[in-house]
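Contents: one structure, followed by commentary.
The values are calculated or read from the model by the stated rules, or taken from the named source; none is laboratory data. The model shown is predicted, which means the values in this text are computed figures rather than measured ones. Reconstructed Cβ throughout: ideal geometry from the backbone, glycine too, with neighbour counts over all protein chains shown.
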Amino acid sequence: MLKKWYMVTMTMVLCIGAIFPRLDACMITFINDSNNPIMIRNRNNKIIFIIKKYGRRRFGSPDKHAYFDVYIKQSQPDSFRPLYTCQQDSCGKNGNPQLKYSDLEGNQGAAQLFTITKNENPHTSMVRELPMIKK
């Protein structure tokens, strides 16, 4: 009886593994280890959110690679400036890579999973990137 139960359980586990092999595979957790708030603009679903200093936020999609911009808050004037554009090249081995702000600056750790473009002109306005302004 125990052997039959074990075989049924193992079969179910294998079937579930075959059906859902990439569950949450490309979700990422962004960790703000800087001294300033950070704003993330998710380009995949057009959502903007702010991560407080020393905070973290999980975002992304199980079936799409992450594609987002990182903005950091300036002290004077009270605004955000764009620093990085990040496009995920591959998913993490554990399905949830944890990307730290310091990893972006040092191009280390989970930053190796991304193509990171540093903004050479960080003082441009976010408004200039709106579709109605670009026309």
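Annotations for the structure displayed:
- Matching residues, the range 73-96, being surrounded by 13 or more Cβ atoms within 10 Å (Cβ to Cβ), of a type outside the set (Val, Ile, Thr) and under 18 Å from the mean Cα position of the chain (by Cα): Pro82, Leu83, Tyr84, Cys86, Gln87, Gln88, Cys91, Gly92, Gly95, Asn96
- Residue in the range 81-91 that is modelled with pLDDT of 70 or more, touching a strand residue (DSSP E or B) at 6+ places or on another chain (Cβ under 7 Å) and of a type in the set (Lys, Arg) present: yes
- Verdict on Arg43 being touching an Asp or Glu at 6+ places or on another chain (Cβ under 8 Å) and touching a residue at least 12 places away in the same chain (Cβ under 8 Å): yes
- Against the test of being part of a loop (DSSP other than H, G, I, E, B), of a type in the set (Lys, Arg) and either modelled with pLDDT of 90 or more or surrounded by fewer than 18 Cβ atoms within 10 Å (Cβ to Cβ) (or both), the options Arg22, Arg41 yield a single qualifying residue, Arg22.
- Selected residue (criterion: farthest from Glu105 (Cα to Cα)) from residues of the range 44-72 that are among the small types (Gly, Ala, Ser) and surrounded by fewer than 18 Cβ atoms within 10 Å (Cβ to Cβ): Ser61
- Residue within the range 67-82 that is of a type in the set (A, V, I, L, M, F, W, C) and part of a loop (DSSP other than H, G, I, E, B) present: no
- Residues in the range 103-119 that are within 12 Å of Gln88 (Cα to Cα) and modelled with pLDDT under 90 were compared, and the one that is surrounded by the fewest Cβ atoms within 10 Å (Cβ to Cβ) is Gln112.
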